[in-house]
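Asks: Following this message is one structure expressed as structure tokens.
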């Protein structure tokens with residue numbers, strides 16, 4: 001059985017691209033949550049720094065995340081990400097110690 005794969009990703013956008021980034025990724029949240037293997041998928045925005053976005057994701061396995069990452073819209077974004085970002089993603093791998101709250 002595969003081990004869950006979780007991470008926190010920080011995306012520091014260029015100030016003039018923050019609203020476009022938010023609009024783009026807001027449209028990805030619900031479809032991502034509906035993908036097989038998605039346990040948690042949250043998009044957050046820092047209140048003090050509106051150019052900082054945080055993603056909290058838990059996938060059933062690394063293989064499920066790989067399928068998500070290979071989708072055409074995700075590949076397209078990955079290739080163009082630096083048009084939006086001030087610096088590349090900061091990714092912190094995490095281990096989920098408590099049960100998911102998604103099905104409450």
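The values are calculated or read from the model by the stated rules, or taken from the named source; none is laboratory data. Quantities reported herein were computed from a predicted structural model and do not represent experimental measurements. Note that each Cβ is placed from the backbone with ideal geometry, even for glycine, and that neighbours are counted across all protein chains shown.
Asks: Taking region 69-88, which residues are surrounded by 14 or more Cβ atoms within 10 Å (Cβ to Cβ) and modelled with pLDDT of 95 or more?
Replies: 84, 85, 86
Asks: Still on this structure, I have one more. Among the residues of region 22-63, how many are farther than 25 Å from residue 3 by Cβ, modelled with pLDDT under 95 and in contact with a strand residue (DSSP E or B) (Cβ under 6 Å, 6 or more places away or on another chain)?
Replies: Total satisfying the criteria: 1.
Asks: I'd like the full set of residues that are surrounded by 10 or more Cβ atoms within 10 Å (Cβ to Cβ) and under 19 Å from residue 33 (Cα atoms), limited to region 89-104.
Replies: The answer is 94, 96, 100, 102.
Asks: Would region 70-91 turn up any residue that is over 30 Å from residue 16 (Cβ atoms) and either in contact with a helix residue (DSSP H, G or I) (Cβ under 7 Å, 6 or more places away or on another chain) or free of Cβ contacts under 8 Å to residues at least 24 places away in the same chain (or both)?
Replies: For region 70-91, residues over 30 Å from residue 16 (Cβ atoms) and either in contact with a helix residue (DSSP H, G or I) (Cβ under 7 Å, 6 or more places away or on another chain) or free of Cβ contacts under 8 Å to residues at least 24 places away in the same chain (or both): absent.
Asks: Suppose the filter is over 9 Å from the mean Cα position of the chain (by Cα) and not in a loop (DSSP other than H, G, I, E, B); does residue 36 pass it?
Replies: No; evaluated as a whole, the condition is false for this residue.
Asks: For region 43-69, enumerate the residues that are under 17 Å from residue 25 (Cα atoms), free of Cβ contacts under 8 Å to residues at least 24 places away in the same chain and within 13 Å of the chain's Cα centre (by Cα).
Replies: 43, 44, 45, 69
Asks: Within region 1-33, how many residues turn out to be surrounded by 13 or more Cβ atoms within 10 Å (Cβ to Cβ) and not in a helix (DSSP H, G or I)?
Replies: The total comes to 11.
Asks: List the residue pairs whose Cβ atoms are under 6 Å apart, where the first residue sits in region 8-37 and is without any contact (Cβ under 8 Å) to a residue 60 or more places away in the chain and on the phi > 0 side of the Ramachandran plot, the second is in a helix (DSSP H, G or I) and surrounded by 15 or more Cβ atoms within 10 Å (Cβ to Cβ), and the two are 6 or more positions apart or on different chains.
Replies: Close Cβ pairs (under 6 Å, with a partner that is in a helix (DSSP H, G or I) and surrounded by 15 or more Cβ atoms within 10 Å (Cβ to Cβ)) amount to 37/64.
Asks: Give the residues of region 56-69 that are assigned to a strand (DSSP E or B) and in contact with a helix residue (DSSP H, G or I) (Cβ under 8 Å, 6 or more places away or on another chain), sorted by residue number.
Replies: Passing the criteria: 57, 59.
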